[in-house]
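Please treat every number below as a calculation from the coordinates, not as lab data. Keep in mind the model is a prediction, meaning the values are calculated, not measured. FYI the Cβ positions are ideal-geometry reconstructions off the backbone, even for glycines, and counts take in every protein chain you see.
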Amino acid sequence: MRTVSGMVVVLLLLACAPAGFAQKDSATRSVQGSVSNPDDSAVAGAVVQIKNMKTLQIRSFITLEDGTYHFFELSPDVDYEVRADFKGASSGPKTLSSFDSRKKAIINLKLNKK
């Protein structure tokens, strides 16, 4: 009887294992931050772009009143480049590396005149 119950436990663990692995594969990360002027004031209405360096797909976000932005559902296995533009000023590009294990990365961007 003990052997049968032990085998049932093993079979249940094996049945649940693929579901656990599937959840890990679907894990995503996010990046958020703020865009500021050289004097550190928040920039509302700046265009923040994030570029997937594997597919070269670009997504955009227009900063909120407090200068913040966010991107969700980013692959943890891809490098991303983030930059901001506003009325002729731009930030330098910053990289979110695939080696960065944070689930919620924070990247603040500062605008400079071109």
For this session: Give the residues of the range 64-114 that are surrounded by fewer than 17 Cβ atoms within 10 Å (Cβ to Cβ) and of a type in the set (Asp, Glu), sorted by residue number.
Result: GLU65, ASP66, GLU73, ASP77, ASP79, GLU81, ASP100
For this session: Please go through the range 82-104 and pick out each residue that is assigned to a loop (DSSP other than H, G, I, E, B) and under 14 Å from THR28 (Cα atoms).
Result: SER97, SER98, PHE99, ASP100, SER101, ARG102, LYS103
Problem set entry | Candidate set: the range 28-63, residues that are among the basic types (Lys, Arg) and either touching a helix residue (DSSP H, G or I) at 6+ places or on another chain (Cβ under 7 Å) or farther than 15 Å from ILE106 by Cα (or both); chosen: the one surrounded by the most Cβ atoms within 10 Å (Cβ to Cβ) | LYS51
